[in-house]
Amino acid sequence: MLRTAFLACAASVLSTAAVAQSADPSPATSPGSWMSISDYPADALAKHQEGTVGFALQVDASGQVQSCSITQSSGSPALDQGTCALLRSRAKFQPARDASGHAVGGTFASHVEWVYPKTAPAAAAPAPVELHGFDRTGYGSSVLSVDENGIITKCEHGESGYLNIPSPPDFCWMFPVGSRYGPPALYKGKPMKRRITMKLDIKDENVP
């Protein structure tokens, strides 16, 4: 289960923002849409980790998140880093306002409580597809955005080509946002964000 200040206590988050100075950034989309149990970081799931992550977001004058810092660690790097990766990717805001009503940068702070799921949610059975020909070939690609810490912040569909494969697979399920792509990368000693294109060749054959 995932209990967050957005999901289980959305009202408390919004009321906290409301009683703060009117100049503070306020959510432009429902905080409950920013993350769900399906976003539970894979590393934390594998290690049965849970905990509360406190965070602070720096929001610019256009309402975009510029940075995320951890104000309270859960004790799990996967949960801490995964939380910030999801928030940088999904959180949207109305910008802060100064005394004259002009949009300015500001800070939004709250917390997320990750609770290890006791049972995995049952997946709906997919509808069958009709196969054409004895074998099927094709390729697909996914484009990953990876932050300075090696955490995936976005996965998008890239170029693909399928000759006769019905319902081509969605490769992004293999690269969930908030999971680790690899160790942090440096270029000339400086941490770097990366865009990584993964191309997968597919051969699908009937077996008697």
Practice task
Could you please find all residues in segment 162-191 being more than 27 Å from Leu45 (Cβ to Cβ), modelled with pLDDT of 85 or more and in a loop (DSSP other than H, G, I, E, B)?
Solution key: Lys188, Gly189
Handout entry: Criterion violated by Ala44 - all others in (1) within 14 Å of Thr153 (Cβ to Cβ); (2) in contact with a helix residue (DSSP H, G or I) (Cβ under 7 Å, 6 or more places away or on another chain) satisfied
Key = (1)
Exercise for the section: State whether one or more residues within segment 22-30 are surrounded by fewer than 18 Cβ atoms within 10 Å (Cβ to Cβ), modelled with pLDDT under 85, among the hydrophobic types (A, V, I, L, M, F, W, C) and within 22 Å of Ser145 (Cα to Cα). Expected result: no
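Could you tell me whether any residue of segment 120-128 is within 19 Å of Gly82 (Cβ to Cβ) and at pLDDT below 80?
yes
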Problem - Filter pass, Thr83 being β-branched (Val, Ile, Thr), closer than 18 Å to Tyr181 by Cβ, in the same structural domain as Ala44 (by TED's automatic domain parsing) and modelled with pLDDT of 90 or more - result: yes
Practice task
Go through Thr52, Thr153 for me and flag whichever is among the polar types (S, T, N, Q) and under 23 Å from Lys190 (Cα atoms).
Solution key: Thr153
Handout entry: Residues satisfying the stated conditions in segment 57-113, i.e. part of a strand (DSSP E or B), small (Gly, Ala, Ser) and farther than 27 Å from Pro184 by Cα
Key = Ala96, Ala103, Gly106
Practice task
Considering every residue within segment 78-93, establish whether at least one is touching a helix residue (DSSP H, G or I) at 6+ places or on another chain (Cβ under 8 Å) and free of Cβ contacts under 8 Å to residues at least 40 places away in the same chain.
Solution key: yes
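The values are calculated or read from the model by the stated rules, or taken from the named source; none is laboratory data. This one's a predicted model, so the numbers in the text were calculated from it and none came from an experiment. Counting neighbours? That spans all protein chains shown, and the Cβs are built from the backbone with ideal geometry, glycine included.
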